[in-house]
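What follows is one structure encoded as structure tokens, with my remarks underneath.
The values are calculated or read from the model by the stated rules, or taken from the named source; none is laboratory data. No experiment lies behind these values; they were computed from the predicted model shown. When we count neighbours, we look across all protein chains shown, and the Cβ atoms used for this are built from the backbone with ideal geometry, even at glycine. These area figures cover heavy atoms from the full protein model, side chains too; ligands, DNA and RNA do not enter into them. Shrake-Rupley method; radii C 1.70, N 1.55, O 1.52, S 1.80 Å.
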Amino acid sequence: MGRVLVFAEQRDGSFRKSTYEALGRAADLGDEVHALVCGADVADWAADLGRYGAQVVHTVSDPALAQYASGAYAAALDRAIEALQPELVLMIATAMGKDLAPRVAARRKMAMLSNCITLDLEGEAYQATKSMYGGKVFAKVHATRKPVLATLRPSAYPVPQPQESAAEVKPLEVDLPSDGARVIEVAQKAEGQIDVQEAEVIVSGGRGLKEPANFDLLQELAGALQAAVGASRAAVDAGWIDHAHQVGQTGKTVSPKLYVAVGISGAIQHLAGMRTSKCILAINKDPDAPIFNLADYGIVGDLFKVVPVLTRELQKLSG
Ligand SMILES: Cc1cc2nc3c(=O)[nH]c(=O)nc-3n(C[C@H](O)[C@H](O)[C@H](O)COP(=O)(O)OP(=O)(O)OC[C@H]3O[C@@H](n4cnc5c(N)ncnc54)[C@H](O)[C@@H]3O)c2cc1C
């Protein structure tokens, strides 16, 4: 076991839930856990990562890091790896992680394990499980050398129980590149919506909802379950809901504790994004819908009758 560096993804001073998941896994895999936080003005709040297992938090503060920019962030992570020489660098396979990880792995000639569902140290080698061919098979892969850069699938590991400890915070000097891509605008999603990749419960809707207004039914069910709202590509392509909600091969990959599929047939491309959910409930009027082959629980029925009843009963339970 050696030194592990976790790239801590944050926005406006808030860490993604999956950053805590990565810290928890880092504590299991290494005996020294460091974290790197990049931003415009990273201050003492970064010490909070200590509650989730970071012993030292390295901070890079620069206006060029206010928004994610590939070149600047890659330079910061590259410098941190050079300074710390970790044997494992961990990050999450979010949009940012998927962009940043291969850049840095290539630059530093590190072995890379991407989008891991499990990551373990077998003897001296890091070994991972990856979902392949749209989730039809699981592959065991191992890195033949160190150091390794690995990205974990969001929700693959639990958030560790927070402890009463703060990490030591150490600013890191980095020469950031002045050229390259610049962020011109960031389009914020509506307030209060939970990102499907951050959610423990997801209620997803498909073409069975018939029209966009019927997503209100799902919003109510999601409210009762404190869930995020997801969607199939058919619903997204029809313009009923934004692409940020799409789950699947060309959408987001999720592994929540509970995934409720409403009016979704269960095409292979949809399953590719949610197959690793811990528990799946499908609501579909067609008893032969392929989603029932994967579901742990199924309700065969008209969603327009089933969903309101389910919502009402859940609301009663929560008072
Ligand atoms: C390259 C590629 C990438 C793709 N990527 C994705 C992706 O990322 N994500 C994704 O989801 N898809 C993706 N697709 C599309 C995928 O193949 C399917 O077309 C899509 O998932 C179907 O969406 P759906 O289940 O909502 O619609 P449908 O397949 O039309 O299913 C609708 C379901 O609703 C049920 N239903 C209808 N009315 C009711 C009712 N009143 N009550 C209960 N149930 C009802 C029906 O029985 C049916 O099972 C991709 C396709 C390709 C070719």
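So here's what we get for this one:
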| item | result |
| --- | --- |
| Sole residue being open to solvent by 30 Å² or more (accessible area, probe 1.4 Å), out of contact with any Cys (no Cβ under 9 Å at 6 or more places or on another chain) and closer than 23 Å to residue 214 by Cα, chosen from 300, 262 | 300 |
| Filtered residues of the range 1-42 (kept if in contact (Cβ under 8 Å) with a residue 12 or more places away in the chain and in a loop (DSSP other than H, G, I, E, B)) | 1, 2, 8, 9, 13, 16, 30, 31, 40, 41, 42 |
| Unmet criterion (only one of (1) hydroxyl-bearing (Ser, Thr, Tyr); (2) near the ligand (Cβ under 7 Å from one of its atoms); (3) touching a strand residue (DSSP E or B) at 6+ places or on another chain (Cβ under 6 Å)) for residue 259 | (2) |
| Flag if residue 230 is under 28 Å from residue 90 (Cβ atoms) and touching a residue at least 12 places away in the same chain (Cβ under 8 Å) | yes |
| Enumerated strands (runs of 3 or more DSSP E) restricted to the range 85-141, each holding at least 2 residues that are modelled with pLDDT under 90 | 125-132 |
| Candidates 291, 283, 268 - the one that is among the aliphatic types (A, V, I, L, M) and more than 20 Å from residue 133 (Cβ to Cβ) | 283 |
| Extreme residue, modelled with the lowest pLDDT, among residues of the range 166-208 that are open to solvent by 30 Å² or more (accessible area, probe 1.4 Å), small (Gly, Ala, Ser) and over 18 Å from residue 15 (Cα atoms) | 190 |
| Which listed residue, of 164, 185, is in contact (Cβ under 8 Å) with a residue 12 or more places away in the chain and either farther than 30 Å from residue 106 by Cβ or assigned to a loop (DSSP other than H, G, I, E, B) (or both) | 164 |
| Selection from the range 188-218 of residues that are within 27 Å of residue 43 (Cβ to Cβ) and not charged (D, E, K, R) | 188, 192, 194, 197 |
| Scan of the range 303-318 for residues that are open to solvent by less than 80 Å² (accessible area, probe 1.4 Å) and either more than 9 Å from the ligand (Cβ to nearest atom) or more than 19 Å from residue 235 (Cβ to Cβ) (or both), ordered by number | 308, 309, 310, 311, 314 |
| All positions within the range 214-242 that are away from the ligand (no atom under 14 Å from the Cβ), small (Gly, Ala, Ser) and out of contact with any strand residue (DSSP E or B) (no Cβ under 6 Å at 6 or more places or on another chain) | 223, 224 |
